[in-house]
Amino acid sequence: MLNFTASDMSRFAPRSDVRRGVEPRLLSIINLQLPRDYNSPLNHTVKTPRTPKMTASYPRPDFQRTSLNWNTLDGPWTFTFDDKDEGLSSQWHKTSLEGKPSHQIIVPYAFQTPASGVNLIEAHEVMWYERHITDIRTPDEKQKGNRLLLRFGAVDYECSVWVNGVLVGGHRGGHVPFDIDVSDALADGATEARLTLRVRDSPYDMTQPRGKQFWGPVPESIFYTPSGGIWLSVWLESVPAMRLLCGSGGTVLRSDDIEGGQLHAKVHVAGRQVGNTAKAEVEVSLGGMSVAKADGELLRDKTFVALDLGIKVTDAAVTDLKAKNQELFGVDGVWSRGVALWAPEHPTLYDITLRLFDAAGRLVDEVQTTTGMRSLSWQNGDGTFRLNGKPYFQMLFLDQGYWPGTGMTPPSSEALKTDIELAQKLGFNGCRKHQKVEDPRFYYWADRMGFLVWGEMANAYEFGTEYIERFTSEWTEAVKRDINHPSLITWTPLNESWGVSALKDNIEQRNHVRTLYYLTKTLDPSRPINDNCGWEHVKTDLTTFHDYSDSAELGAACTGMPAILEPKGGHEIFTKPIYSGYSGSSIVDKGARHTPGAPVICSEFGGVNIAPPKNSAAAGERDWGYTTASDPADFLVRFEKLVMAVVKPGHICGLVWTQLCDIEQEVNGLYTYDRQEKVPTEKVKAIMDAARDHYYHHVASHHSKGFRKLLDQYKHVVQR
């Protein structure tokens, strides 16, 4: 068992370098005039192209049936702790929870949150949930043989499910979805049933992927209140017996072939009876105009159909689309040889309709989804990360996805949209989702609002066989769930060697990292992989590093590749060879090294908090940041120096600022925990715009004329 002590946490301790005065300003854009109340609420909107057939209220808005019939199970449930772990032996699932000491809990909020109605920050490993459900299938759907699915967004960590005392299924993995077919438990004309869940979520098992959920009684440093049990939506859904499957079931819409103008679809199907034939169809439309349609039969030994669709449109069609929607289709850079491209500046989405036909040609299932045509390139050899063939500067922030009152559970779909709006108002074009597999509705909004996302898994903290099995399984499910979102541009399975703390000299742990890299690359060859964000890279497409130094030290660390590759946080950036043998000269593991010309990204820096006024009610005993500014004016000076320290030397093509919002005791956000403004957003945006402009001008001045011509296509970005 891995135990973290106060000394172990020393590297997370706040720096004691609060400056007494405000340093000289670097640029006139920090000529700060604070409003009387810099915590005033924001009022900011972003124009968002929406797909009218799809709704963000549904928990999986990226994959919706046209005949959608679903019913939420969010709301009051009976809930009880089972600290003696006697529920199974006493058969609570058969006798119900009536008469047991219980609470009413509001699902989907974890019992540790105020929104749950329980609000107990205590250690409880086993818990039970119960409520009654009603069969939502219509008589016509029952006649057709529709199945009733019980669907969970996420339950942390191990879950067993009974209907009327009969075990119907279960799942392990606290951050990914799962479905259970409960149709047969409602047989013989029954329309109602008792639904019972037993959940085990160990507060102490460090081989269990938990991310930032703390294992002690009181959250501290960079770790937060845990979220035990159900923490994303639960719902019932009526689905055809033979049906189309989403990404979790294997369906992939690969949309990176912008040169060939091809959408490569692999559509998976469930429920086909042995010997029966079936046909899947994919139709692609843009702005209401059908641009491609293809179909294919399922082979006898396959559960999927692979289809390639040419989605280029004619010049006349482009002109027509521009006339219909100049704001969406007339933006500079949106068109490339008849293909409408997705990018933060023009998040154009193609509408996709998936259809499934039975042997008689009858339509049995139809699903609406979207995709964005965009390519990613990180193997150019010139240090650039390219979006749609052009160098693109990533200005990201660390997004850990916590909210006051609801913890890891978003309070609403609009709350997810608001976080993106707040980030864009500051000048950021994306985020690195940190130690969390976010609610699918976040990606729904990111796709539509042009917001770049790095997908990341919640890590564990102790290595071993059980950890490997748990982590590998859950990471696979996470990748498959989100693989079809154009906004997602990088995969990050591990952070700072969490769970693999012996990479310096442990070959088994290194092989685990390599396994995660090649597994992810096999599932998705279209995106780069950031194997172990921050340091001790084993097999990676990107060179990422974390550095929370002040601007002078950070600037020195970014002056060139030798400095960038120096150890950070007491760790090597790349693992070194491991030697063995009698003389210690035999290499048993080659380690890794930076690939010349690979993209270099400072994937964590900043973390500056603002000291509250003395004797202020806003001050907390546990509040901290990596460094502390004396007031908002001092913060902006530090912010600009830190950002420019990363960008100005010209070796780095992206950055990740820590962080968007305060979270509990970690008060180093650009907004407060309840998303109130801490510093004038226009000042932050001006700094980010200047950093972006510096990057593009630097790249243009240090490359060939042909390369500069390529960058000229970004004038609309730099000058907007």
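What length, rounded to one decimal in nm, is gained on full extension from D181 through to V166, with 0.36 nm per residue of separation minus their alpha-carbon distance? Numbers along the way, then the final one.
Details: separation 15, 0.36 × 15 = 5.40 nm, distance 1.26 nm.
That works out to 4.1 nm of additional length.
Want the number for D188 to A306: 0.36 nm per residue separation, take away the alpha-carbon distance, what's left?
Values: separation 118, 0.36 × 118 = 42.48 nm, distance 3.90 nm.
This chain segment gains 38.6 nm when fully extended.
Say the dipole of the chain comes from +1 at the beta carbon of Lys and Arg and -1 at that of Asp and Glu; which of V163, M449, A187 then lies farthest toward its positive end?
Farthest towards the positive pole: M449.
At what distance in nm do the modelled label points of Y204 and A360 sit from each other, each positioned 7 Å from its Cα along Cα→Cβ?
Placing both labels 7 Å along Cα→Cβ, they lie 6.1 nm apart.
Taking R0 as 41 Å, what's the FRET efficiency between S412 and S585 from their Cβ-Cβ distance, rounded to 0.05?
So the FRET efficiency works out to roughly 0.10.
Output the pairs from K144/K302; K425/K648; K390/K685; K480/K685; K433/K480 with a Cα-Cα distance over 26 Å in this structure; if there are none, say none.
Where the Cα-Cα span goes over 26 Å, the pairs concerned are K480/K685.
Check each of the trypsin sites (Lys or Arg not before Pro) in the range 487-596 and keep only those in coil by DSSP with at most 12 other C-beta atoms within 10 angstrom; list them in order.
Details: sites: K504, R510, R514, K521, K539, K568, K590, R593; in loops: K504, K539, K590, R593.
Here the trypsin sites (Lys or Arg not before Pro) that fit, given the DSSP loop and packing criteria, are K590.
Using just the helices of the chain, give the 222 nm mean residue ellipticity in deg cm²/dmol: DSSP H runs with n ≥ 4 each add -39,500 (n - 2.57), and the total is spread over all residues, rounded to 500. Before the final figure, lay out the partial values.
Values: 14 runs with 142 residues, N = 720.
Counting only the DSSP helices, I get -6000 deg cm²/dmol.
Note down the magnitude of the dipole of the chain about its Cα centre, charges +1 on Lys and Arg C-beta and -1 on Asp and Glu C-beta and zero elsewhere, to the nearest 20 debye. Mind dumping the intermediate values first?
Working: 78 positive and 89 negative charges, 392 e Å.
Dipole about the Cα centre, nearest 20: 1880 debye.
List the lysines whose Cα lies under 29 Å from the Cα of K84, skipping any in the same chain that are fewer than 8 positions away.
Partners found: K94, K100, K212.
Only four residue types carry charge here, +1 at the Cβ of Lys and Arg and -1 at the Cβ of Asp and Glu. Report the dipole size of the range 387-504 about the Cα centre in Debye, rounded to the nearest 20.
Details: 12 positive and 15 negative charges, 82 e Å.
With only Lys, Arg, Asp and Glu charged at Cβ, the dipole is about 400 debye.
Once phi is turned into θ = phi - 60°, what whole-Hz ³J(HN,Hα) does the Karplus curve with 6.51, -1.76 and 1.60 give for every residue of the range 352-367, x standing for Gly and Pro?
Couplings: 10, 10, 9, 10, 10, 10, 7, 4, 8, x, 7, 6, 10, 7, 8, 10 Hz.
What does the extension gain come out to for Q676 and E553, with contour length at 0.36 nm per residue minus their alpha carbon separation? Don't skip to the answer; put the middle values down first.
On the way: separation 123, 0.36 × 123 = 44.28 nm, distance 3.08 nm.
Between Q676 and E553, full extension yields 41.2 nm more.
Before anything else, pin down the relative contact order of the chain: Cα pairs under 8 Å, at least 6 apart, normalised by residue count, whole percent. Intermediate values should be presented prior to the final figure.
Details: 1615 pairs, mean separation 102.6, N = 720.
Relative contact order of the chain: 14 percent.
Once you keep just the Cα pairs under 8 angstrom separated by 6 or more residues, what percentage relative contact order results for the range 259-371? Intermediate values should be presented prior to the final figure.
Working: 197 pairs, mean separation 30.8, N = 113.
Once normalised by length, the contact order is 27 percent.
Longest segment of the chain with no chymotrypsin sites (Phe, Trp or Tyr not before Pro) in a DSSP loop having at most 13 other Cβ atoms within 10 Å?
Working: sites that count: Y204, Y582.
Value returned for the longest uninterrupted segment is 205-581.
In whole Hz, what ³J(HN,Hα) sequence does the range 377-389 give by Karplus (6.51, -1.76, 1.60; θ = phi - 60°), x for Gly and Pro?
In residue order, the calculated couplings are 9, 10, 10, 7, x, 10, x, 9, 10, 10, 10, 6, x Hz.
For a Förster distance of 30 Å, can you work out the FRET efficiency between the beta-carbons of E297 and T66, rounded to the nearest 0.05?
Computed FRET efficiency for E297 and T66: 0.85.
Could you tell me the calculated FRET efficiency between S57 and H594, based on Cβ-Cβ distance and R0 = 35 angstrom, to the nearest 0.05? Don't skip to the end; give the middle numbers.
Values: r = 46 Å, r/R0 = 1.31.
That pair, S57 with H594, gives E of 0.15.
Long-range amide H contacts for D135: which residues qualify at under 5 Å (H placed 1.01 Å from N, peptide plane, sequence gap of 5 or more or a different chain)?
Sorted by chain and number, the residues that satisfy this are E192.
Which ³J(HN,Hα) values, rounded to whole Hz and listed in residue order, are derived for the range 115-132 from phi using the Karplus coefficients 6.51, -1.76 and 1.60 in 6.51 cos²θ - 1.76 cosθ + 1.60 with θ = phi - 60°, glycine and proline given as x?
The phi angles translate into 5, 6, x, 9, 6, 10, 8, 9, 8, 9, 8, 10, 9, 10, 10, 7, 6, 9 Hz.
When a footprinting reagent is the concern and you count Cβ atoms within 10 Å, what order do M289, M449 take, fewest first?
Numbers: M289 13, M449 19.
Listing M289, M449 from fewest to most nearby Cβ atoms yields M289, M449.
Hey, fewest Cβ within 10 Å first, where do T371, T681, T575 land in order? Don't jump to the answer; show the numbers that get you there.
Values: T371 22, T681 18, T575 26.
Ascending number of Cβ neighbours within 10 Å: T681, T371, T575.
What label, among (1) 0.96; (2) 1.02; (3) 1.04, belongs to Rg/Rh (Cα atoms, Kirkwood Rh) computed from the structure on display?
Read-out from the structure maps to (1).
Before anything else, pin down the relative contact order of the range 64-240: Cα pairs under 8 Å, at least 6 apart, normalised by residue count, whole percent.
After rounding, I find 31 percent.
Treat each spin label as a single point 7 Å out from the Cα along the C-beta direction, and report the K521 to I136 distance in nm.
According to this spin-label approximation, the distance is 4.2 nm.
What nm value, rounded to one decimal, do you get for the distance between S90 and N380 when each label is placed 7 Å out toward the C-beta?
Those two pseudo-labels are separated by 6.4 nm.
I need M408, M561, M206 ordered by Cβ neighbour count within 10 Å, fewest first.
Going from least to most buried by this count: M561, M206, M408.
In debye, nearest 20: dipole of the range 54-132 around its Cα centre with unit charges on the Cβ of K, R (+) and D, E (-)? Write down the numbers at each step before the final one.
Details: 6 positive and 10 negative charges, 81 e Å.
Dipole of the range 54-132, to the nearest 20 debye: 400 debye.
No value in this document is a laboratory result; all are computed from the given coordinates. Predicted, not measured: the structure shown is a model, and the values here were computed from it. With ideal geometry, Cβ positions are generated from the backbone for all residues, glycine too; neighbour counts draw on all protein chains shown.
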